[in-house]
Structures are given as C-alpha cells and as structure tokens.
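Single-structure report; data block below.
We did not get these values from a lab; they are worked out from the coordinates using the rules stated. Everything numeric here is computed off the predicted structure, so don't read it as measured data. Ideal geometry is used to build each Cβ from the backbone, glycine not excepted, and the neighbour counts take in all protein chains shown.
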Amino acid sequence: MCGIVAYVGHRQASDIIIKGLKRLEYRGYDSAGIALLNQGLNVYKKKGKVSELEAFIKGQNLSSCIGMGHTRWATHGEPNDENAHPHYSATKKLAIIHNGIIENYNSLKQDLLRKGHRFLSETDTEVFIHFIEDIKEKEGCSLDEAVRLALTKVVGAYAIVVMSLEDPTLLIAARKGSPLVVGVGKGEFFMASDATPIIEYTNEVVYLNDQEIAVVNKGKLTIKNTANLPLTPYVQTVDLALEAIEKGGFEHFMIKEIFEQPRSIKDCMRGRLDSDSGRLVLGGLRDYINKLVHADRMIIVACGTSWHAGLVAEYFFEEFCRIPVEVEYASEFRYRNPIVREGDVVIAISQSGETADTLAAIDLAKSKGAIIFGVCNVVGSSIPRATHAGAYTHAGPEIGVASTKAFTAQLTVLNMIALSVAQRKGSITEQKFHELLVEMENIPIKVEKALQLNSQIHTIADEFKNARNFLYLGRGYNFPVALEGALKLKEISYIHAEGYPAAEMKHGPIALIDEEMPVVFIATKDSSYEKVVSNIQEVKARKGRVIAIVTEGDTHIRKMAEFVIEVPPTLEPLMPLIAVIPLQLLSYHIAVMRGCNVDQPRNLAKSVTVE
Ligand code: G6P
C-alpha cells in the first residue's frame, strides 16, 4: 500500500508534502518520511503517523522547492525509523519513495552485497535505489536512463519517485501495478498516489499507465515507457472538490461518510435511473450489456466489504436475471485454477480500484477469455483501466478506512446493472421492474430516516461497548448485511465479531450464546421474517442479549428483544441499503467509546496494493 507524494516548483515543498501525506494516510500509517534538497539531500523519517513526523521536523530549516514524502504500510521490515521511506542510495546522492513490492529484491541484494553495498534497512526499496545507482555508475548514463534500465530488471509492483542531490529540478516517477498521478500546475508539478494531495493546486493531471516513466526536468514533463518509447502526456481534468476530502465539521471521516450516504446513493443514480420514464442507462456498459444479457454464468470477484456487496448482488442477479452467479474472494480465485469459460462474465468490485488480489483475478479471468466489468469508486484507478467496461459508483472520495458509503453505492450500481440486464432479458415483469425503480429512488430518503436513529444507536453502543464478542445474524438479502456489520465492528473497535446466516446458528455459533453475548439480528419484515423470529427465540432461551434491526411498526419483536432499532420499510431486495446504516453507526460509536482510531484502525489500510 503506502502513499507517496512529490513536488517541484516555486512553493515550499515541505508544506505541500506534509499536507499531501495526511490525505494519503488512509493508505498506511506505520511510518512517514520526507526528503528535501536543502544544503544537501536531507531525509527526515519517523515511525508512526504523519503527525509524529511533523513534530519531529518542527523548527528545522526545511526550505526547499523540491521534495517528496511517503506514508508507509509495512511489507518488508517492521515499522521503525530505519525502514521508513525515503531511502538513500549508497552514496546518499539519490533518494527514493516506493509503494509496492520488489519481489526479486533478495537476489539483487545478494549481488549488491557482493559488490560491497551496505544496507541500513530491511526493505526491498533500499535495495532498489542502490541498484539504480549501481546501474548509473556502471553504464555512465543519465539518472532517468538508469531508472529505466533498473525497471526492466525488477519483478514486482511499484510506484516510485526518485530525486537526486545533483539536480534540484529533477523528479523521476514510474509505475507498474501501483497508482501514480502527475499534477500539472503553472511552472510546478506534483506526483502522488491519488489526486487528493494535488487538487488544491491544480486539477490538470496525467494518470501514469503501467510501465510508464514520468520525468520532470527544468519545468518540463516528459513521459516514456520502459521500452524507451517517448509518449505524449494525456492531460485530464479531475472533477474533485476540496470539501469532499475534508471532514467538514464531523469528528471523523467515517461518520461524515456514513452521513453522506443519502447524497452518495443519489449521485450514483443521477442521470442513470429515472422511474417516471422507466429509463435505466449505464453509459459505461452500453457496448457490452448484451454480453451480460447472454452470459451463461457470472463470477463476482472482490475483497472485504466489496465482497459483501457482491454477495448481495448474487441474490439480486439470480432472482431477477436468472443467471447463475458465483461470488469469489479475489485472493482465492486467483490461485485455485478456476474454471472460466468464454461465455462467462466477471464483475470485479472495488472501492479503490487498486486492490492487488482483485487486479490479479481480473488478469486471470481475462487470460481465460472472460469479459470483465468493473464496479469501482476511484476514477482513473487501475481496475477500471484493466476491465472491458464498467460503471463508477460516484460515491466521492472515501477516506475512512472502514468502507461505508462505497458499500451502499456498490449495491446501488449492482442493482442498476441487474435490473438493466433483467429488463433486456425479459426475466423480470415490467411491473416489478417499475416497482424496483421507484423504490430505488426512495432509498436516499429512507437512508436519511435511518440516520436519524443515530442517538438511539449511541445509547445502545454505550451499553455494549465493553463486550468481548458479538454475533450478527440475518437471512436472505440480510445475510451479507450481517457479515458486513460484523466486519465493521471488528475492523474499527477490535471486538471479535462474527456474521452468520441466522439459520446456520444452530450448527455451531449457538454454543457461544450466554448472558454475555450480544446478538444483532437483522429481522426486517421479509420472506424469512417468521424464521428469524424463531432464531431470536432460540437466542433468548439461552439468555443471549438481542439487539434487533426491525421494520418500523414491528411490535412483535419488541416483546422479545432487549433493544430494537426500527428502520423504514422497503422492498426485500433493497433492504441491505437501509439495514446496514444502523450497523455502521453502532460500530462507529462503539469504536469511539473504546478510544479507537476509527479512521485509521491498527494494521489496516484502505487500498491494499499487496497480495
Ligand atoms: C481493505 C479495506 C476494506 C476494503 C477492502 C477491499 O481491506 O480496508 O475497507 O473493503 O480492502 O478494497 P477495495 O478497494 O477493493 O474495495
């Protein structure tokens, strides 16, 4: 993972870099570091968050118009000051920042050790910059040529920036498998893992493609590929508002993003769905929609919360499109020699669009002849570029590490895809199609209503904040919601939680139930309501503490449960969009009460670019 940012121009680089690193902290926060050209090539780095680096460099003379910084999610080597980036080359004339993994670093390192190189860290990255310098000295070539030659020899994934003591206007960046954006300002350039550190200064950007190298030298940007072919930079305008990446008065990004959901769901449907005219159009899919209509089978690949969205989609697609669907963890799919045939369609779901396992699953499915659709949030990220077609979720930047608004936007897009296919296929009646369209348009208002439960959920959170375990149960469309509720809680509050299909409880988890065990039921009025009520009774009989998410006006469950949370009614296939809201709020409040860092939970990162 890791976040990288670099600047060259006429401003103070350190200010831009520190601010940029804070925006990229969602990508990792094990350590942070900065390199500046200021009477030498100086590197300052510290274990911990960017704020610790900031405290460390305070008061030092940081004046420099060129520099680069890094926030790390540790892969090679524990998080400490030595392993933090930037790393120096052997002569300390070069420095590098790197997001990714150099897989053949060990063999390169052995060669370099034989030549007398000494390493200060355990990282693959330090080996990389020594290797670049070694090539430069051996070949007597320019630095950008040495970087290019080194890139032809390394195996793995990278987004790097290299700077040199000998050239105060030079930054060299390259990518393969990890994202990198170059911001083009007036007489200044920015480089970063995403556009968030850049948009304050310019909205003109160039997204580097794999195997491309960007060289900024003396105020000019040139791009070439690793085969040494010059390329014309494709400058795009990013449509990203500064407010979207700031907390806007909320205490944490996560709660801001939870409360943004009425808007993000609406944005996701805007221009695509109109129940009055019966219009449902997803522009990005237009050329390929028939492939979906005629698909023999659909395989959904994703990780984490996106995988849960895939599970809901499985129910939806099978019910309305009558296409068999398999939902796979991308990390399993890629390594188990799966059967993928030409008539299969693969849907890859990813908030970041950068998840390494999902990207690898896409490559594998593509090599077997499948058509791939992407459902991603980050515009211009790697997955949308690796797929044949797709639809963005348009949820806006999601910064809290625990995914919330991206999940509901993913469900919204997947529902729209499924309905569009079902209509073309004739596997849904016009009446049902229309009913679902109308109700989809009502969802933002109902989510808004569910958000009004916030203070009630705060009270419930207070009651259970010290629990050591939690069980989440649901059936049908609400089963993936139970999984998502449990994931949210464990991610940010570090309480062990399990999600289970309610009916499966009797095959194991029931043994865990005693008077200490909170059990969250998603028990809305749907086709399995009566059965879920029986499961509540079973938990009650064993003295479990029941918290039930029910449909407004449900008086029956109120008599059994210790706490009920009433959500607005909706059609059964759309309930996940509403039922997940109280679960997001519950985990948020519990985590805050336990003093956890909700936006940056320990050991996690938002964009997982390593396998
Ligand atoms: C990480 C994040 C999760 C996310 C998962 C998949 O684990 O912490 O929030 O659900 O990656 O990420 P993606 O960007 O592919 O949806």
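Taking the average, over residues, of other Cβ atoms within 10 Å as the packing measure, peptides 317-328, 286-297, 90-101 rank 90-101, 317-328, 286-297 from highest down. Shape analysis of segment 498-605 places it in the oblate category; the axes a ≥ b ≥ c from the Cα gyration tensor give an a/c of at least 1.5, with a/b not above b/c. Of interest is the spacing of the C-alpha centroids, which for segment 238-267 and segment 3-50 amounts to 25 Å. With contacts taken as Cα pairs under 8 Å and at least 6 residues apart, the chain reaches a relative contact order of 11 percent. Using Cα centres only, tell me the gap between segment 524-581 and segment 430-480 in whole Å. When both Cα centres are located, 11 Å separates them.
Computed packing ranks the peptides 228-234, 251-257 as 251-257, 228-234, most packed first, by mean other Cβ atoms within 10 Å.
Note on Tyr335 and Asp296: the model spin-label points, each 7 Å out from Cα along the C-beta direction, lie 2.8 nm apart.
Placing R0 at 30 angstrom, the Cβ-Cβ distance between Leu229 and Asp287 gives a FRET efficiency of 0.55 after rounding to 0.05.
Pairs with C-alpha atoms separated by more than 26 Å, drawn from the list Lys176/Lys488; Lys58/Lys109; Lys425/Lys488; Lys58/Lys92; Lys256/Lys540, are Lys176/Lys488; Lys58/Lys109; Lys425/Lys488; Lys256/Lys540. With neighbour counts taken as other beta-carbon atoms within 10 Å, the residues Tyr588, Tyr477 rank, fewest first, as Tyr477, Tyr588.
By counting other Cβ atoms within 10 Å of each Cβ, how are Met505, Met440 ranked from fewest to most?
Values: Met505 20, Met440 24.
Arranged by neighbour count, lowest to highest, Met505, Met440 become Met505, Met440.
Annotation: average projected area of the chain is 27.8 square nanometres, based on the convex hull of Cα atoms across all directions.
I need the peptides 208-220, 35-47 ranked by packing, meaning the mean over residues of other C-beta atoms within 10 angstrom, with the highest value on top.
Going by the mean number of other Cβ atoms within 10 Å, highest first, we get 35-47, 208-220.
Under the definition of Cα pairs under 8 Å and six or more residues apart, what whole-number percent is the relative contact order of segment 285-357? Walk me through the intermediate numbers first.
Numbers: 90 pairs, mean separation 33.2, N = 73.
45 percent.
A simple spin-label model places the labels of Arg114 and Glu52 3.8 nm from each other, with each point 7 Å out along Cα-to-Cβ.
Within the set Lys368/Lys490; Lys49/Lys266; Lys19/Lys186; Lys247/Lys449; Lys49/Lys93; Lys46/Lys93, which residue pairs have Cα atoms separated by over 30 Å? Mind dumping the intermediate values first?
Working: Lys368/Lys490 36 Å; Lys49/Lys266 35 Å; Lys19/Lys186 20 Å; Lys247/Lys449 22 Å; Lys49/Lys93 27 Å; Lys46/Lys93 21 Å.
Listed pairs above 30 Å: Lys368/Lys490; Lys49/Lys266.
Each of Ser403, Ser427 has some number of other Cβ atoms within 10 Å of its Cβ, and from fewest to most they run Ser427, Ser403.
In terms of its C-alpha gyration tensor, segment 5-53 comes out oblate, because a/c is 1.5 or above while a/b does not outweigh b/c.
Once every DSSP H run of n ≥ 4 in the chain is given -39500 (n - 2.57) and the sum is divided by its residues, what mean residue ellipticity at 222 nm do you get, rounded to the nearest 500 deg cm²/dmol? Write down the numbers at each step before the final one.
Numbers: 18 runs with 216 residues, N = 611.
Computed mean residue ellipticity for the chain: -11000 deg cm²/dmol.
From the Cα gyration tensor of segment 316-387, with a ≥ b ≥ c the square roots of its eigenvalues, which class applies: rounded if a/c is under 1.5, or else prolate if a/b is larger than b/c, or else oblate? Because a/c hits 1.5 or more and a/b fails to exceed b/c, segment 316-387 counts as oblate.
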